[in-house]
Amino acid sequence: MLAVVGATVSAIRAATYFPDNQRLLPFVVLGLWLVASLVVLIVASRTLHRSPAERSPSLGR
């Protein structure tokens, strides 16, 4: 269960049907995917010397 969709479904199902007996693994997987995505975004923006909030030069408004 290392896929985002599988972890999301498991976390929602556990929260809905078993609120008193939640498993930690789906939430850990979602947290790791979130951290990995942010790291990739930061590394890519530093490598390209651009910010995600920066306007594209082609828009020129």
Task: Qualifying residues in the stretch 32-52 (those that are polar (S, T, N, Q) and in a helix (DSSP H, G or I)) - the one surrounded by the most Cβ atoms within 10 Å (Cβ to Cβ) - done: S45
Task: Conditions (1) modelled with pLDDT under 80; (2) loosely packed, with under 10 Cβ neighbours inside 10 Å; number of the one not met by A7 - done: (2)
- [ ] Pull up the stretch 34-53, narrow it to residues that are over 29 Å from A7 (Cβ atoms) and touching a helix residue (DSSP H, G or I) at 6+ places or on another chain (Cβ under 9 Å), then point me to the one that is modelled with the lowest pLDDT.
- [x] S51
Task: Given (1) modelled with pLDDT of 80 or more; (2) out of contact with any Gly (no Cβ under 9 Å at 6 or more places or on another chain); (3) not in a loop (DSSP other than H, G, I, E, B), index of the condition V29 fails - done: (2)
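The values are calculated or read from the model by the stated rules, or taken from the named source; none is laboratory data. Note that the structure is predicted; figures quoted are calculated from it, not measured. All Cβ positions, even for glycine, are placed from backbone atoms using ideal geometry, and neighbour counts span all protein chains on display.
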